[in-house]
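Okay, so here's the structure we're looking at.
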Amino acid sequence: MLLGPPTPDSSRLYALTVTEGDPAWAGPLAGEALGLPVFHVIESEIKSQVDDQVYQAEVGFAEMALDDPEQIIAAVREVREAGGVRG
């Protein structure tokens, strides 16, 4: 699953939702562990697979506006690795 939330907390929440189920137990994925591997669009594993011009046109400006991209990447990676999926 490819994610793009702009904060570490929102990225972690979305990642948890599609791996372990909705942690707030409020939505249709409450208790539904999908076990999907998750990546944030700004991770190098994803960037390296996208044509640079396309990436810059679609994501580049938004990425520059992020307060702390490394914390976002760490949050998603933490969830991914806790689920046994290594990126």
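The values are calculated or read from the model by the stated rules, or taken from the named source; none is laboratory data. Just so it is clear, the structure is predicted and the values come from calculations on it, not from any experiment. Positions of Cβ are generated from backbone atoms using ideal geometry, with glycine treated the same way; all protein chains shown enter the neighbour counts.
Evaluated against (1) surrounded by fewer than 17 Cβ atoms within 10 Å (Cβ to Cβ); (2) within 15 Å of residue 83 (Cβ to Cβ); (3) not hydroxyl-bearing (Ser, Thr, Tyr), residue 26 falls short on exactly one condition, (2). Scanning region 37-55 for residues that are among the acidic types (Asp, Glu) and not in a loop (DSSP other than H, G, I, E, B) turns up 45, 52. As a summary of the residue check, residue 41 satisfies the conditions (1) surrounded by 14 or more Cβ atoms within 10 Å (Cβ to Cβ); (2) over 13 Å from the mean Cα position of the chain (by Cα); (3) hydrophobic (A, V, I, L, M, F, W, C); (4) at pLDDT 95 or above except for the one numbered (2). For region 17-35, the criterion of being modelled with pLDDT of 95 or more and of a type in the set (A, V, I, L, M, F, W, C) is satisfied by no residue at all.
Residues are listed down the side, and each one gets a yes or a no for (1) outside any loop (DSSP other than H, G, I, E, B); (2) of a type in the set (Ser, Thr, Tyr):
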residue	(1), (2)
14	yes, yes
35	no, no
57	yes, no
72	yes, no
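Evaluated against (1) touching a helix residue (DSSP H, G or I) at 6+ places or on another chain (Cβ under 6 Å); (2) free of Cβ contacts under 8 Å to residues at least 12 places away in the same chain; (3) of a type in the set (Ser, Thr, Tyr), residue 48 falls short on exactly one condition, (1).
Here residue 21 meets the list (1) touching a residue at least 12 places away in the same chain (Cβ under 8 Å); (2) loosely packed, with under 13 Cβ neighbours inside 10 Å; (3) not aliphatic (A, V, I, L, M) almost entirely, failing just condition (2).
For region 1-18, the tally of residues that are surrounded by 16 or more Cβ atoms within 10 Å (Cβ to Cβ) and charged (D, E, K, R) stands at 1.
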